[in-house]
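Presented below is the structure to which this report refers.
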Amino acid sequence: MPGGGCHLTRDTERAIQKAGFTVKDIRRFYSLINGRASPASPSIIGTARPFT
């Protein structure tokens, strides 16, 4: 499997929502390696709660 199973174009926020969670807080950022973003660098961090 190319890329070791990574899904570089996955919309992570949408995948979390489709799994049954509500995204409460979210921050998007890029991880830099040697000052440059890599293809796998788009990231999100936040809080999600199960739908109630």
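The values are calculated or read from the model by the stated rules, or taken from the named source; none is laboratory data. All figures in this text were calculated on a predicted structure; none of them were measured in a lab. Counting neighbours? That spans all protein chains shown, and the Cβs are built from the backbone with ideal geometry, glycine included. Only protein heavy atoms, including side chains, enter the accessible area calculation; ligands, DNA and RNA are left aside. Shrake-Rupley method; radii C 1.70, N 1.55, O 1.52, S 1.80 Å.
Considering the stretch 1-19, and only residues there that are surrounded by 10 or more Cβ atoms within 10 Å (Cβ to Cβ) and at pLDDT 90 or above, the residue that is nearest to the chain's Cα centre (by Cα) turns out to be E13. From the set of residues in the stretch 1-33 that are without any contact (Cβ under 8 Å) to a residue 12 or more places away in the chain and either of a type in the set (V, I, T) or in a strand (DSSP E or B) (or both), which is farthest from P50 (Cα to Cα)? The selected residue is I33. State whether one or more residues within the stretch 35-45 are basic (K, R), open to solvent by 70 Å² or more (accessible area, probe 1.4 Å) and either outside any strand (DSSP E or B) or modelled with pLDDT of 80 or more (or both). No, because not a single residue in the stretch 35-45 is basic (K, R), open to solvent by 70 Å² or more (accessible area, probe 1.4 Å) and either outside any strand (DSSP E or B) or modelled with pLDDT of 80 or more (or both).
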